[in-house]
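One structure is given here, and the rest of the page talks about it.
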Amino acid sequence: MKTPKIGFISLGCPKALVDSERILTKLRSEGYEIAPNYNGADMVVVNTCGFIDSAVEESLDSIGEAIAQNGKVIVTGCLGARADEILERHPQILEITGAHALEEVVAAVHKHLPPMHDPYTSLVPPQGIKLTPKHYAYLKIAEGCNHRCTFCIIPSMRGDLVSRPVNEVLLEAKRLADAGVKELLVVSQDTSAYGLDLKYQTYDWQGKEVRTRFYDMAEALGELGIWVRMHYVYPYPHVDEVVPLMAAGKILPYLDIPFQHANTRILKLMKRPAATENNLARIKAWREVCPDIILRSTFIIGFPGETEAEFQELLDFLSEAQLDRVGCFAYSPVKGAVANELPDAVPEEIKQERLARFMAHQAEISAARLKLRVGRIEQVIIDEVVEEGAVARSKADAPEIDGQVFIDGATHLKVGDLVNVEIEEVDDYDMWGRLLD
């Protein structure tokens with residue numbers, strides 16, 4: 001009997017990627033093979049994104065491509081919450097499930113493509129199936145979010161915060177480290193709220209009691225001896241507790257904090273924390289404790305009602321905060337978001353003009369921050385080896401969203417190697433280094 005083969009398309013954020021990895025791990029453990037293309041697959045699963053309109057269109061287009069190339073398609077992910085919209089465009093779909101719906105997806109696959117079972121063969125390594133390169137992996141610690149930001153529909157698709165018990169998180173992290181992973185990227189919708197729903201319950205981990213709490217988890221992960229990078233950290237006061245762990249070298253000196261804006265009125269309309277002065281004071285305090293800390297953030301410009309003066313206040317915040325890595329998006333209405341009902345929409349041409357000014361302003365800041373690192377010796381991790389040399393990342397750079405470090409001539413290095421370089425040259429976002437090892 002022919003072994004059933006599954007094709008898989010994973011769209012959206014790292015949290016969705018982890019969902020895809022869990023689905024693939026489950027299917028692989030049941031004997032399914034993973035096909036590299038549509039033609040070799042008996043069925044295709046599409047894990048969708050529904051966060052903004054462009055992501056919805058990408059998801060719908062990918063579903064259409066899978067139907068055209070294969071014909072048997074199951075849809076899961078955030079866009080699954082809008083099943084009517086999907087079926088209106090693609091009525092041929094076999095099944096639709098929502099986000100983080102592992103059991104429902106697997107049941108749908110069983111229904112339309114029953115598994116072969118061989119109880120004597122283990123098809124899955126202890127760390128599970130990963131869609132990232134072997135040297136780094138995303139570690140998802142929670143689902144959902146308790147916030148109700150007016151521009152976001154994630155809670156309507158993924159629900160309220162549901163934290164994983166800390167012993168489960170640490171066991172997965174240890175298995176990944178044992179399998180050779182050199183860098184863990186900790187993700188969730190609100191990483192610093194971790195454990196709130198479990199009332200910070202205590203669990204046994206290797207003979208020691210550890211609370212299901214942001215600091216305690218970070219401290220335990222820091223004992224693994226690999227890079228640990230924190231993403232999507234809401235700026236709660238207790239985040240301050242983690243910075244000394246960075247100063248001590250336990251976890252990477254890197255915080256990804258989505259501030260979103262700097263003007264108090266706009267932040268209140270967004271239902272985000274509206275204490276810009278406090279954020280500036282805390283950024284200063286973090287740098288006093290850990291001078292090497294790298295701060296990444298994202299912002300939205302052109303939010304309904306944003307005035308030129310309020311936008312200028314955001315630029316002034318950037319100048320004062322001196323953030324290292326910044327992403328920015330022009331506000332885009334998301335179906336079902338409360339912000340769609342707000343008055344005084346900003347015209348598209350003004351949004352684009354402000355976006356260009358924002359990025360140019362931050363590029364100068366990023367370049368100036370990078371120039372401070374010229375002459376320093378830094379440890380980097382190798383992501384790729386090409387004809388000209390090696391492509392790496394420093395502790396300041398998360399994969400796919402931050403800068404890179406180029407090492408000319410270092411073709412003998414291997415992906416995943418950790419090496420030391422002297423930084424010799426920089427531009428707005430990337431660095432060039434001389435190999436010292």
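List of remarks:
- Taken over the range 285-339, the convex hull of the Cα atoms encloses 106 Å³ per residue.
- Accessible area per residue for the chain, computed on protein heavy atoms with a 1.4 Å probe, is 44 Å².
- Order of exposure, largest accessible area first, which applies to LYS5, LYS140 with probe 1.4 Å: LYS5, LYS140
- Whole-number D in µm² s⁻¹ for the range 165-324, Kirkwood Cα-pair radius fed into Stokes-Einstein, 4 °C, 1.567 mPa s: 77
- Taking the centroid of alpha carbons for each part, the range 393-429 and the range 42-97 are 37 Å apart.
- Per-residue [θ]222 nm for the chain (sum of -39500 (n - 2.57) over DSSP H runs n ≥ 4, rounded to 500): -10000 deg cm²/dmol
- Remark: the range 236-247, residue by residue, has Karplus-estimated 3J(HN,Hα) of 6, x, 6, 4, 3, 5, 7, 4, x, 5, 5, 4 Hz, where x stands for each Gly or Pro and the curve is 6.51 cos²θ - 1.76 cosθ + 1.60 at θ = phi - 60°.
- Just so you know, the Rg over Rh for the range 236-348 is 1.02, from Cα atoms, with Rh as the Kirkwood radius.
- Rounded Å value of the spacing that divides the Cα centres of the range 366-384 and the range 144-180: 30
- Exposed loop sites here mean GluC sites (Glu not before Pro) with a DSSP loop assignment and at most 14 other beta-carbon atoms within 10 Å; the chain contains its longest site-free run at 1-386.
- Left without a cysteine partner by the 4.7 Å Cβ rule in the chain: CYS13, CYS49, CYS78, CYS145, CYS290, CYS328.
- Calculated SAXS-style log₁₀ I(q)/I(0) at q = 0.14, 0.15, 0.24 Å⁻¹ - the range 376-435, Debye, Cα scatterers: -0.30, -0.34, -0.92
- Separation in nanometres of the label points that stand 7 Å from Cα toward Cβ, at GLU422 and MET116: 5.8
- The stretch between ALA368 and LYS271 holds 31.7 nm of extra length on full extension. This uses 0.36 nm per residue minus the Cα-Cα distance.
- The chain: relative contact order as a whole-number percent, Cα under 8 Å and 6+ apart: 10
- Over the range 151-205, volume per residue of the alpha carbon convex hull, in Å³: 101
- Over all Cα atoms in the chain, the spread is summed up by Rg and Dmax: 22.5, 69 Å.
- Top of PRO155, PRO347, PRO399 by mean-square fluctuation, Gaussian network on the chain, Cα under 10 Å: PRO347
- Among the protein heavy atoms, those of SER332 account for about 40 Å² of accessible surface (1.4 Å probe, every chain in place).
- Kirkwood-based shape ratio for the range 303-408, expressed as Rg/Rh from alpha carbons: 1.10
- Note on VAL374: accessible area approximately 70 square angstrom, rounded to 10, probe 1.4 Å, nucleic acids and ligands left out.
- Relative contact order, percent, the range 136-372 [alpha-carbon distance under 8 Å, six or more residues apart]: 17
- Point-to-point label distance, ASP240-ASN146, nm (Cα→Cβ direction, 7 Å offset): 2.0
- Accessible surface of LYS111 - all protein chains present, 1.4 Å probe, nearest 10 Å²: 140
- DSSP beta bridge pairing in the chain, given as percent antiparallel to the nearest 5: 40
- Under Karplus coefficients 6.51, -1.76 and 1.60, residue-wise ³J(HN,Hα) of the range 395-401 in Hz, glycine/proline x: 4, 8, 10, 7, x, 6, 10
- Amide H contacts under 5 Å for VAL228: LEU184, LEU252, restricted to partners 5 or more places along the chain or on a different chain, H placed in the peptide plane at 1.01 Å from N.
- GNM flexibility winner over the chain from GLY327, GLY375, GLY31 (Cα, springs under 10 Å): GLY375
- Restricting attention to the range 75-230, close to 40% of DSSP beta bridges with both partner residues there are antiparallel.
- With every protein chain in place, the range 5-112: carbon and sulfur % of accessible area (1.4 Å): 49
- Note that the range 211-222 has calculated 3J(HN,Hα) couplings of 7, 7, 8, 3, 5, 4, 5, 4, 4, 5, 4, x Hz, one per residue in order, obtained from phi through the Karplus relation 6.51 cos²θ - 1.76 cosθ + 1.60 (θ = phi - 60°); glycine and proline are x.
The values are calculated or read from the model by the stated rules, or taken from the named source; none is laboratory data. Bear in mind that the values here come from a model prediction, so they are computed numbers and not experimental data. Backbone-built Cβ (ideal geometry, glycine too); neighbour counts: all protein chains shown. Surface accessibility is based on the protein's heavy atoms, side chains included, excluding ligands, DNA and RNA. Shrake-Rupley method; radii C 1.70, N 1.55, O 1.52, S 1.80 Å.
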